[in-house]
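Novice: One structure, pasted below without further comment.
The values are calculated or read from the model by the stated rules, or taken from the named source; none is laboratory data. The structure presented is a predicted model; accordingly, all values stated were derived computationally and were not measured. Because the Cβ atoms are built from the backbone with ideal geometry, glycine has one as well, and the counts that use them run over all protein chains shown. Surface areas here come from the heavy atoms of the whole protein model, side chains and all, with no ligands, DNA or RNA. Shrake-Rupley method; radii C 1.70, N 1.55, O 1.52, S 1.80 Å.
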Amino acid sequence: MRRKIKTWVGMLLACLLLTAGCGSSNAGQAGKPSNRLTVYTAFPEQEVIPYIEAFRKETGIDVKFVRLSAGETLVRLQAEKNAPQASVWYGGPSDTFHAAAQEGLLEKYQPKEAAQLPKRFTDPQGYWSPVYVGALGFAVNEEWLKKKGLSAPESWDDLLKPEYADNVVMAHPGASGTAYTVLATLVQMMGEEKAFAYLKKLDAHMRQYTKSGSAPAKQAGLGETGVGISFAHDILAPKSEGYPLLLTFPKEGTGYEIGAVALIKNGPADELENAKKFIDWTAGLESQNLYAKTKTFRLPVRPDAEVPEGAVTFDKIKLADYDAVWAGEHRKELVKKFETEVRGQSGVK
């Protein structure tokens, strides 16, 4: 099946590159449901494969997927607005989904078991549905700490200390939903002027901006940087594999993501019912329990779902009063300001 999925990924990429040749099934296929589904996902490839396989086993529907960061998905949906090549957007922070909904790129749809989801994590407008939550943290390489004789950072201000110069990595807010959550969190906690003053100072300590929000944690695990800023589940995953990582949270408070799933507006018509079945499946208990079974450390949103062993629950962290709706409404202007005043996307890897 892994080979089959990879084959489909290749086929889809080829289709996206040769759009004119492959054409789209958006038009002319209504009323002819297929047995397939195309998904854009922010989950890492290795992580999403067991989720998709579980859905296929339950429904018999074949899924092809393309892995993109949340920011990259938004850009692709903007480019494909008149003929989207996928039906479902699966995973990534809800603030980016909110921005997409504002641009008319999503269709309202709520899963059949929406009543089982806490209201504080749901979209009052009904464009997206929550699938997991996770808080921002610092991934710190233990060997680097020992070598330098340092303590792990425990506040945002710690990252500005001279000893962290050229040893901090985070994704770029224009490409990554994780990094945009960092940006929006700091603006909401500090106010816009102070937050951008902080980010300019942090930029001077930055070793690299990445496209993927999980990449900074991996780089810290490999010793390529001292500190990476990522979501906690993206830090705990490599830590559980034996990488020398510490996970700390800023004592002032930290932001968090509500990972989401949504129906892409005007996606392939022959996939519409399959897309709704997929979104229904994400809210089911079996789907929510997969985070524990696959040890990916994401926190399920259903209260009756199993919490992964070793995951850090929200009651153990000082959370910022993060407003994801506000973040989504201001995404375009904040990213533009970051690119203008702090760092553009050239050189992002």
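Novice: In µm²/s, what is D for segment 279-349 at 37 °C and 0.692 mPa s, where D = kT/(6 pi eta Rh) by Stokes-Einstein and Rh is the Kirkwood radius from Cα pairs?
Specialist: 213
Novice: Let me check something: with ligands and nucleic acids excluded, how do THR248, THR294, THR340 order by accessible area (1.4 Å probe), largest to smallest?
Specialist: Sorted by accessible area, descending: THR340, THR294, THR248.
Novice: Separation between the LEU319 and GLU163 pseudo-spin-labels, each 7 Å from Cα along Cα→Cβ, expressed in nm?
Specialist: 3.2
Novice: Can you give the helix-only mean residue ellipticity at 222 nm for the chain, where every DSSP H stretch with n ≥ 4 adds -39500 (n - 2.57) and the sum goes over all residues, rounded to the nearest 500 deg cm²/dmol?
Specialist: Calculated from helices alone, the mean residue ellipticity at 222 nm is -11500 deg cm²/dmol.
Novice: Based on the Cα atoms of segment 78-235, what semi-axes does the equivalent ellipsoid have, where each is the square root of 5 times one gyration tensor eigenvalue, given in whole Å with the largest first?
Specialist: So the three semi-axes of segment 78-235 are 33, 16, 15 Å.
Novice: Going 7 Å from the Cα of GLU143 toward and past its Cβ, which residues in segment 234-255 have a backbone nitrogen under 17 Å from where you end up?
Specialist: 238-247
Novice: Continuing with the same structure: How much length, in nm to one decimal, is gained on full extension between GLN78 and LYS108, taken as 0.36 nm per residue of separation minus their Cα-Cα distance?
Specialist: So the extension gain works out to 9.1 nm.
Novice: Just list whichever of LYS211/LYS293; LYS81/LYS194; LYS119/LYS318; LYS295/LYS332; LYS200/LYS251; LYS161/LYS295 have alpha carbons separated by over 31 Å in the model shown.
Specialist: LYS81/LYS194; LYS295/LYS332; LYS161/LYS295
Novice: Tell me the angle of helix 45-59 to the major Cα principal axis of the chain, expressed in degrees between 0 and 90 and rounded to the nearest ten.
Specialist: 30
Novice: Run the accessible area of segment 235-349 with a 1.4 Å probe and give the carbon-and-sulfur part as a rounded percent.
Specialist: Ligands and nucleic acids excluded, carbon and sulfur reach 48 percent.
Novice: Can you tell me the Rg and Dmax of the chain, counting just the alpha carbons, in angstroms?
Specialist: Taking only Cα atoms of the chain, I get Rg and Dmax of 19.7, 66 Å.
Novice: Rolling a 1.4 angstrom probe over the protein chains, ignoring ligands and nucleic acids, what is the accessible area of LYS201 in square angstrom, nearest 10?
Specialist: The accessible area of LYS201 comes to roughly 130 Å².
Novice: Further question: Over all alpha-carbon pairs of segment 222-349, lay out the pair-distance distribution in 10 Å bins, whole %, shortest bin first.
Specialist: Per 10 Å bin, starting at zero, the Cα-Cα P(r) for segment 222-349 comes out as 10, 27, 35, 24, 4 percent.
Novice: Ratio to report: Rg/Rh of segment 146-303, with Cα atoms as the point set and Rh obtained by the Kirkwood method; give two decimals.
Specialist: The Rg/Rh ratio comes out at 1.03.
Novice: Quote the FRET efficiency, to the nearest 0.05, computed for GLU154 versus MET190 with a Förster distance R0 of 22 Å and r equal to the Cβ-Cβ distance.
Specialist: Calculated value: 0.80.
Novice: On C-alpha positions alone, give me the angle between the axis of helix 272-282 and the longest principal axis of the chain, in degrees, nearest 10.
Specialist: Compared with the principal axis, the helix lies near 40 degrees.
Novice: Another one. Per residue, how large is the accessible surface of the chain? Use a 1.4 angstrom probe and give square angstrom.
Specialist: Dividing the accessible area of the chain by its residue count gives 43 Å².
Novice: Short version: what are the Cα gyration tensor semi-axes of segment 185-260, square root of 5 times each eigenvalue, largest first, in whole Å?
Specialist: So the equivalent ellipsoid measures 23, 15, 11 Å along its semi-axes.
Novice: If I model a spin label at LYS119 and LYS295 as a point 7 Å from the Cα along the Cα→Cβ vector, what separation in nanometres do I get?
Specialist: 3.9
Novice: How much accessible surface area, in Å² rounded to 10, belongs to the heavy atoms of VAL307 with a 1.4 Å probe?
Specialist: In the full protein context, VAL307 sits at about 70 Å².
Novice: State the percentage of accessible surface on segment 92-198 attributable to carbon and sulfur atoms; use a 1.4 Å probe and exclude ligands, DNA and RNA.
Specialist: With neighbouring chains kept in place, the figure for segment 92-198 is 45 percent.
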